[in-house]
1. Let a ≥ b ≥ c be the square roots of the eigenvalues of the Cα gyration tensor of region 11-69; is it rounded (a/c under 1.5), or, if not, prolate (a/b larger than b/c) or oblate?
2. Starting from one equal scatterer on each C-alpha and no solvent at all, send me the Debye-based log10 I(q)/I(0) for the chain at q = 0.10, 0.12 Å⁻¹, two decimals.
3. Add +1 for every Lys or Arg and -1 for every Asp or Glu among the other residues with Cβ under 11 Å from the Cβ of Ala92, and state the total.
4. What distance in nm separates the simple spin-label points at Ser17 and Glu145, each placed 7 Å from Cα in the Cβ direction?
5. Pull out the extension gain between Glu48 and Ala100, defined as 0.36 nm times the separation in residues minus the alpha carbon to alpha carbon distance; nm, one decimal.
6. Over region 73-123, what is the relative contact order in percent, taking alpha-carbon pairs closer than 8 angstrom and at least six residues apart?
7. Give me, ordered by chain and number, the residues 5 or more places off Gly135 or on other chains with an amide H under 5 Å from its own placed amide H.
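Any read-out appearing in this document is the output of simple, stated calculations on the displayed coordinates, not a laboratory observation. Because the structure is a prediction, the values reported are computed rather than measured. Here the Cβ positions follow ideal geometry from the backbone for every residue, glycine too, while neighbour counts run over all protein chains shown.
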Amino acid sequence: MSRRGYRGAVTLGIHLSPLADIPATTLYRILWLRVSVFVVEQQAAYAELDGRDIEPGAFHVWAEEHGDVLGALRVLDEADAWRIGRVVTSAAARGRGVGAALMQRAIDACVADDAGRPFVLDAQEHLADWYGRFGFVPAGAPYVEDAIPHIPMRRAAGDGV
């Protein structure tokens with residue numbers, strides 16, 4: 001676990017772990033947050049539990065403060081690329097740098113493990129510039145999924161940001 005401060009005195013605990021090693025209550029909070037934002041807030045009725053969280057090589061990064069999960073993401077090992085997905089921040093924590101801390105921690109962990117692989121993700125289109133801060137660029141045609149415009153993005157192997 002690393003601890004970094006964001007926006008002044010706010011101190012977050014940033015954690016990284018395969019799903020099997022996440023405490024049950026924390027895992028529940030991560031999944032609850034994902035459903036609360038993606039399914040309820042964004043009204044995207046889809047199979048949130050898609051089986052990929054438990055794939056070999058998959059891991060999760062999450063931010064906690066006072067026992068509350070403020071944000072999370074998952075990284076999938078797709079052999080030829082690292083896939084970042086399910087990037088989510090609670091409404092109360094948005095604008096505090098939580099998502100950026102999670103992204104940077106995930107990227108750092110992947111590069112430390114295998115710097116030769118690129119990263120891919122499917123961004124909600126309105127967040128493409130935000131992902132651009134981490135070296136991601138559009139890598140395909142925009143598309144609509146669950147009534148939300150998306151765009152595939154890629155970050156070349158070895159890109160330092």
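1. On the way: a/c = 2.26, a/b = 1.17, b/c = 1.93.
Note, shape of region 11-69 comes out oblate.
2. So the normalised log intensities work out to -0.34, -0.50.
3. Values: positive: Arg94, Arg96; negative: Glu65, Asp68.
Within the 11 Å Cβ shell, the charges total 0.
4. Output for this residue pair reads 2.7 nm.
5. Working: separation 52, 0.36 × 52 = 18.72 nm, distance 2.24 nm.
Contour length minus the Cα-Cα distance gives 16.5 nm.
6. Details: 45 pairs, mean separation 22.4, N = 51.
Relative contact order here is 44 percent.
7. Residues meeting the criterion, in which the H sits 1.01 Å from N, do not exist here.
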